[in-house]
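The values are calculated or read from the model by the stated rules, or taken from the named source; none is laboratory data. Only a predicted model underlies this, so the values are computations on that prediction, with no experimental measurement involved. With ideal geometry, Cβ positions are generated from the backbone for all residues, glycine too; neighbour counts draw on all protein chains shown. Surface areas here come from the heavy atoms of the whole protein model, side chains and all, with no ligands, DNA or RNA. Shrake-Rupley method; radii C 1.70, N 1.55, O 1.52, S 1.80 Å.
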Number of protein chains: 2
Amino acid sequence: MDRTPQLVASHFGVKGDVLQLGGVAATELVERYGSPLYVYAPAVFRSKLERLRRALPDFEVHYAVKANPTPAVLDFFVQEGCDLDVATCGELSLSIAVGCPPSRIMLAGAGKTQDELLAAARAEIAEIHVESVDEIERLAKLAPELGRRIAVGLRLNPGRVDYGEEESIEAKPAGYGFDEEMLEEATRAVLAADGLELTGLHVYFGTQHLDVDLMVAAWGHVLALAERLCALADEPLRTIDFGGGLGVPYYKNESEFDVEEFGRRLAPLVARARRVPGLADANLVTEPGRYLTAEGGVYLTRVIARKHSRGQEFVVVDGGINHHLAATGNLGHVLKRNFPLALANRMGAEPSLQAEVVGRQSTALDTLARKAKLPAPEVGDIVAFFQSGAYARSSSPLQFRSQEEPAEVFAENGQARLVRKRSGETDLLRGTILDPSF
Amino acid sequence: MDRTPQLVASHFGVKGDVLQLGGVAATELVERYGSPLYVYAPAVFRSKLERLRRALPDFEVHYAVKANPTPAVLDFFVQEGCDLDVATCGELSLSIAVGCPPSRIMLAGAGKTQDELLAAARAEIAEIHVESVDEIERLAKLAPELGRRIAVGLRLNPGRVDYGEEESIEAKPAGYGFDEEMLEEATRAVLAADGLELTGLHVYFGTQHLDVDLMVAAWGHVLALAERLCALADEPLRTIDFGGGLGVPYYKNESEFDVEEFGRRLAPLVARARRVPGLADANLVTEPGRYLTAEGGVYLTRVIARKHSRGQEFVVVDGGINHHLAATGNLGHVLKRNFPLALANRMGAEPSLQAEVVGRQSTALDTLARKAKLPAPEVGDIVAFFQSGAYARSSSPLQFRSQEEPAEVFAENGQARLVRKRSGETDLLRGTILDPSF
């Protein structure tokens, strides 16, 4: 089933013929803030967060900044009581800049430089997740000047996990984390470092999982690893970070992840783990990003031209690959097909045209949707791309063909507010030195 | 054959064990300007330009800004006497900002807004390439207020062209340009518009062609179309824009495009076309971008960590997908395999390791090279990615994971100069409004 009607019904709505986002007409938003435009409905973020919290009452829900690092989005999740998980020092500075206390931030990342480790340690963030023996040694060297021990978690790349009838999550080689086969070696390395305190475990099982069986097995595996780590360290654990991984359906053949069923099946595993002394008081943490933000964001574009060329219809919109690489299928193999989309100012009209929806870049790469079924769009109509709250703006080559960067807007309770202004062409010269004097 | 030794020998060089770029050691560049770093050797741009001019003496060589819109690169080509071809209004403002006279700029683009058409017409650029009847009508409306006729070229999407034994370039549907089947209709539409003057033809045959037979057939076809257009318009043509399309070899199985052979075979076709009265004085224009800039740019990164995981070796560098989407194979299917690379501070060492070269993003997407053969790199070593002068920085999701944007440097005659400064993490907040007062 096409995901569009479902998303509109669950999260948005229609008035007259017009898509409403946070109670504001898509037409009005484009009129006021220009086009293209990223619109976020914080009510959708909140409903996803609350549903997850209800389904997983034993867990703290953090927000993984990488999914959408727009400062207003970070601010939203901080206000809602989420701690922030960051993947780089850049994300760390953003998080601090929006007012998140460092004690509510954790850092993981495959390639941390010494400068980044120092910045994180000085900021006294909650936990730094270490990914190699070399990194442990480099971090330990920083402790003396800080005059206190640095809290670290071990980041593990999990081994093979069997589940269901005869399915399994394969063990993969990775540039990040310790392979779980190295758990003992990694634990010993942290314990041997005077300046470090082993407080946590972090396991990353990949992204975009929609299968409850798989996720129960994966998180059960994390609990088993935590129990082993406790025994090795002979210390209670403060934090167990299960990563994110909760998927969001994008395409017709995908179904929503059943988070309530997941919670029910996870509960006995958690209860059993709680009886292990070292795990009794551990904070169980999940840190979704896409799951919380994808559905709350919509990318609005305007139709600039209609074309017929050699048997194909084309709808040219004023956005494109420069704003939404994922929608064009050029961000890895996970997301290849059409994002859910609609003609936002003619929601009631029946589809009467099958068309390629393309951007302005005169290259076949710049195709936002193939064979999309739409009510024959006219110049000025608004094409909305759903599921654009995560990995849209920040994952796109914003300077490709030197076009403007769209504004970002929050829409809630019938009110809209600008959270990032549109940047004009002249801004493209910022940071540029044409004739430096040296 | 691996392209690296060839590129080093033709364009760069080695002193001691260190790669030299424009006569400056890669180690020194990274020391002075930080890492990662984009380095451009203008002598390479110049040698590519001069070789092309020599091979195609009947042609004007323009620079297609989209390949690398860094202002210093535009400035370089303007100083070298190249006109600029732009694909968007953003590129137009950049071109004007670096001091290119508007009379030396032409604009084409699939989705021009009315604002863009107005800006281009007001700036009195050399020619606007129109791509639909609607666009012709929209542009014509602007002429009265300008008090002069606007020079336009017709942009055509070519039909099928046969060449060689039994090969052909297929006719493709496209969102940009007029299908050549519409040549008459398009010509009539321009002639019927009072405010427009039909001065040019522009034909785009795609990108990255390495086959001389194909290119001779393609450009021969452009000449034939020009002859037809002259006859239809009953006017001489001022400009014939053959597009770019000249390829650059990236991978082992690709050979350099033989531009001298191309020139020799093209000459009689051009001579014949010159005998057509309306084509006798036409400017024949080619507008390469990648061809001129790709080989002159190198992306330098530093090794942060080495890892072994489940039978695979990993080299983690401080750059990644956020700076070089094309190298990770995520920018369309044209470029999928490893870019030529080398360990820039140990050029003489024999390869002793086969490794995945990955960035800092903890995702398999962030793989810069697979199974790369390198002298076992140590932390601090420099990995250089060649062919990074075109579609690197501007085609990458610079804000992915909120990391810093590398500096850009020109290196020539043993001197380096900064042309764009590195942007730190705090810059990531620029343009942000957290609490707008309305």
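Scanning region B:288-295 turns up no residue that is open to solvent by 10 Å² or more (accessible area, probe 1.4 Å), touching a Gly at 6+ places or on another chain (Cβ under 6 Å) and either β-branched (Val, Ile, Thr) or more than 12 Å from every other protein chain (Cβ to nearest Cβ) (or both).
Put simply, of A:344, A:376, A:327, A:349 the only residue that is modelled with pLDDT under 95, more than 10 Å from chain B (Cβ to nearest Cβ) and touching an Asp or Glu at 6+ places or on another chain (Cβ under 9 Å) is A:376.
Scanning region B:203-224 for any residue that is touching a His at 6+ places or on another chain (Cβ under 7 Å), within 30 Å of residue B:142 (Cα to Cα) and not aliphatic (A, V, I, L, M) turns up nothing. Elements of the type strands (runs of 3 or more DSSP E) sitting completely within region B:301-379 and holding at least 3 residues that are out of contact with any helix residue (DSSP H, G or I) (no Cβ under 7 Å at 6 or more places or on another chain) and in contact (Cβ under 8 Å) with a residue 40 or more places away in the chain: these cover B:312-317, B:353-358, B:367-374. Kindly establish whether residue A:264 is more than 14 Å from chain B (Cβ to nearest Cβ), open to solvent by 10 Å² or more (accessible area, probe 1.4 Å) and either hydroxyl-bearing (Ser, Thr, Tyr) or more than 30 Å from residue B:327 (Cβ to Cβ) (or both). Yes, satisfied.
Residues in region B:258-291 that are closer than 18 Å to residue B:215 by Cβ and touching a strand residue (DSSP E or B) at 6+ places or on another chain (Cβ under 6 Å): B:284, B:285, B:286, B:287, B:288, B:289, B:291. Residue count for region A:379-408 satisfying the condition of being open to solvent by less than 10 Å² (accessible area, probe 1.4 Å), over 18 Å from the mean Cα position of the chain (by Cα) and more than 10 Å from chain B (Cβ to nearest Cβ): 4.
Scan region B:100-117 and tell me whether some residue there is assigned to a helix (DSSP H, G or I), modelled with pLDDT of 95 or more and either within 12 Å of chain A (Cβ to nearest Cβ) or under 20 Å from residue A:322 (Cβ atoms) (or both). Scanning region B:100-117, I find no residue that is assigned to a helix (DSSP H, G or I), modelled with pLDDT of 95 or more and either within 12 Å of chain A (Cβ to nearest Cβ) or under 20 Å from residue A:322 (Cβ atoms) (or both), so the answer is no. Do we have any residue at all in region B:229-245 that's exposed (fewer than 15 other Cβ atoms within 10 Å of the Cβ), out of contact with any Phe, Trp or Tyr (no Cβ under 6 Å at 6 or more places or on another chain), closer than 28 Å to residue B:391 by Cβ and not aliphatic (A, V, I, L, M)? Within region B:229-245 (the criterion being exposed (fewer than 15 other Cβ atoms within 10 Å of the Cβ), out of contact with any Phe, Trp or Tyr (no Cβ under 6 Å at 6 or more places or on another chain), closer than 28 Å to residue B:391 by Cβ and not aliphatic (A, V, I, L, M)), the answer is no, since none of the residues qualifies.
For region B:217-239, state whether one or more residues are under 25 Å from the mean Cα position of the chain (by Cα), at pLDDT 95 or above and of a type in the set (Asp, Glu). No. For region A:118-134, the set of residues classified as in contact (Cβ under 8 Å) with a residue 24 or more places away in the chain and either under 18 Å from residue B:361 (Cα atoms) or within 12 Å of another protein chain (Cβ to nearest Cβ) (or both) consists of A:119, A:120, A:128, A:129, A:130, A:131, A:132, A:133, listed by residue number. The number of residues in region A:69-93 being within 14 Å of chain B (Cβ to nearest Cβ), of a type outside the set (D, E, K, R) and open to solvent by 10 Å² or more (accessible area, probe 1.4 Å) comes to 7. So for region B:260-282 (the condition being free of Cβ contacts under 8 Å to residues at least 12 places away in the same chain, farther than 14 Å from residue B:383 by Cα, small (Gly, Ala, Ser) and not in a helix (DSSP H, G or I)), does at least one residue qualify? No, the conditions are met nowhere in region B:260-282.
Taking region A:140-252 and the helices (runs of 4 or more DSSP H) fully enclosed by it, the elements with 3 or more residues that are within 14 Å of chain B (Cβ to nearest Cβ) are at A:183-192. Looking at B:206, B:147, B:175, just one residue is over 30 Å from residue B:55 (Cα atoms), modelled with pLDDT under 95 and crowded, with 16+ Cβ neighbours inside 10 Å, and that residue is B:175. Among the conditions (1) open to solvent by less than 40 Å² (accessible area, probe 1.4 Å); (2) in contact with a helix residue (DSSP H, G or I) (Cβ under 9 Å, 6 or more places away or on another chain), residue B:110 misses just one, which is (2). Of the residues examined, residue B:60 is one that is within 27 Å of residue B:126 (Cα to Cα) and part of a strand (DSSP E or B).
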